[in-house]
1. Kindly provide the set of residues from region 18-59 that are closer than 30 Å to A373 by Cβ and of a type in the set (V, I, T), ordered by number.
2. Residue by residue through region 22-37, note down the ones that are buried (at least 23 other Cβ atoms within 10 Å of the Cβ) and of a type in the set (A, V, I, L, M).
3. L504 is checked against (1) part of a loop (DSSP other than H, G, I, E, B); (2) surrounded by 13 or more Cβ atoms within 10 Å (Cβ to Cβ) and fails just one. What number does that condition carry?
4. Taking region 3-38 only, how many residues are in a loop (DSSP other than H, G, I, E, B) and acidic (D, E)?
5. Could you pull out the residue among V59, V70, V44 that is within 25 Å of the chain's Cα centre (by Cα), β-branched (V, I, T), within 22 Å of I143 (Cα to Cα) and at pLDDT 95 or above?
6. Which of the following residues is aliphatic (A, V, I, L, M), more than 29 Å from H431 (Cα to Cα) and exposed (fewer than 15 other Cβ atoms within 10 Å of the Cβ): V367, V380?
7. If you scan region 214-236, which residues turn out to be in a loop (DSSP other than H, G, I, E, B) and either closer than 17 Å to A83 by Cβ or not hydrophobic (A, V, I, L, M, F, W, C) (or both)?
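The values are calculated or read from the model by the stated rules, or taken from the named source; none is laboratory data. Every value quoted in this text rests on a predicted model; they were computed, and no experiment measured them. When we count neighbours, we look across all protein chains shown, and the Cβ atoms used for this are built from the backbone with ideal geometry, even at glycine.
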Amino acid sequence: MTRDARTLGDLVEEHARTRPDHAALRVEGETLTYGRLAAKVRSVAAGFAENGVCPGQTVAFVLPNCVEFVVAWLALGRIGAVAAPVNTALLGDGLVNVLRTSGAEVAVVDERFLPAVREALSEGADLRAIFVRGRVETRPGEIPIRPWNDLEHPGSAPRFGTRPGDPSILLFTSGSTGRSKACVLSHRYVRRQADIFTDQLGLTAEDVLFCPFPLFHADAAIFTVAPALALGATAALVERFSVRRFWQQVRHYRATVFDFMGATLTMLYKHPPEPDDADNPARLGWGVPLPGWADEFERRFGVELVEVYGLSDTGIVLYNRPGDPRRPGSCGRPVHPFDVRVMDPDGFEVPGGEVGEICIRPLEPHVILSGYAGMPEATVEAWRDLWFHTGDLARRDAEGFFYFVGRGSDVIRRRGENISALEIESVVGEHPAVLEVAAFGVPSELTEEDVMVTLVLREGAALDAEALLAYCRERLPRHMVPRYVAFAGALPKTPTEKIAKHVLKTHGVGASAFDREARG
């Protein structure tokens, strides 16, 4: 292990000297070369410092995917301050909570989200200044609200003496199962995760990394922007995932690498075939989960898919390498500097083949989160017996490959049996009429839970509950066949296209759900 104290911003400065005209960042029609990006970072860093942002302070971002997000993040790092990106869908109490948790005193806000931030201020959020990307309308008695251009200072702030363990960014967990936590991620976390990622996936400075997910999530910030800027490659971002526009965007940006998560791969696969599906520049797609029809997807679109495992808290710790033979269902093996084990509830490693919790121990400083901001109890709970407990379940084979089973909170407990919601979803999702599905537990009159699925059908497809259950009986063990079936026009999602199961559980069975036990 060698000590490298360079930050992501330092690397951008180096690339600005060696390849100033190479595209660093392309977002929704705007492109910044490394030369222009470095100049803007220096300018905005001076602007933050001029406006009283000091080392150690936090600045909240309520921004879409845009070049200003990346410029502000790197500028704050230059002066020793911390970025705190906020889920732009949050309103009211949810927005107040994350702003308070972040400890931000200053915010950079897109004009579209300024009304929500103003409401949060009236409900107790504590900010002293806001800089707005877009049009600004001030009101009497408000805190200072000024345009983004006021941050573009003609000077250049001196670089703060940042240490590897100093925080770079707070990333809030996705909230797909409940309340988000703010992961405190250091400068070394950002750099080291980027370096491991590029090494494991074989990326080069000529790659274009494309991401359709928001920058307030690790996939975009840590595993698209950071690797691209670390290499001197190009990061290409759009504001949101679109199944109809995805391959057009890949072609437009000349993207060679993209990521997938949640149902996005399924939606691309189940979209009607086009004659030019394989006519695209992409060579590699990475993400989780990788479905059983991955080989067919690769042939149709002319791209290799690899499955990995990680989370915002720890970064990616398990990899399958491109070009290696695929092991169906495996999310990879641990890579240095991570010790990854499968543990039982008492903290003992389980034998190979048995299901337990994924636990992680770093073998180098500052390569996973430093803790949860404003949540000391959650930090202590996650770090037990010197291991970070993910809450995710997996099994490991004799050769050290891991097989993801599901989140601990995603396991359905039915009459003494632990049932993997992911396994049910994999089977139901294979039905040609099904676009996407969520399986979850609902309270049972016999105590514990019964299995419910809510599904969305493909456009023009027809399927009733009895036909679906007959399909399930042929493919699932009896205790895993759903009791309740509901159909929906869409499933509730987080901004990263993960299904928000806590919302479905809150809604419960509902009057329209089919109950197979009631039908006899």
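1. Within region 18-59, V27, V41, V44, V53, T58, V59 qualify.
2. Residues of region 22-37 that are buried (at least 23 other Cβ atoms within 10 Å of the Cβ), as a first pass: 24-25, 34, 37.
Passing the criteria: A24, L25, L37.
3. Evaluating L504 over (1) part of a loop (DSSP other than H, G, I, E, B); (2) surrounded by 13 or more Cβ atoms within 10 Å (Cβ to Cβ) leaves (1) as the failure.
4. First pass over region 3-38, keeping only residues in a loop (DSSP other than H, G, I, E, B): 3-7, 19-22, 28-29.
Next, from what is left, pick out any that are acidic (D, E): 4, 21, 28.
Number of matching residues: 3.
5. V59
6. Numbers: V367 fails: exposed (fewer than 15 other Cβ atoms within 10 Å of the Cβ).
After applying the criteria, what remains is V380.
7. Taking region 214-236 as the starting set, the residues that turn out to be in a loop (DSSP other than H, G, I, E, B) are 214-217, 232-233.
Correct list: P214, L215, F216, H217, G232.
Listed here are the residues, each with its yes/no results for (1) over 20 Å from L504 (Cα atoms); (2) not in a loop (DSSP other than H, G, I, E, B).
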site: V380; (1), (2): yes, yes
site: F388; (1), (2): yes, yes
site: R395; (1), (2): yes, yes
site: G400; (1), (2): yes, no
site: Y403; (1), (2): yes, yes
site: G406; (1), (2): no, yes
site: I412; (1), (2): no, yes
site: I419; (1), (2): no, yes
site: L422; (1), (2): no, yes
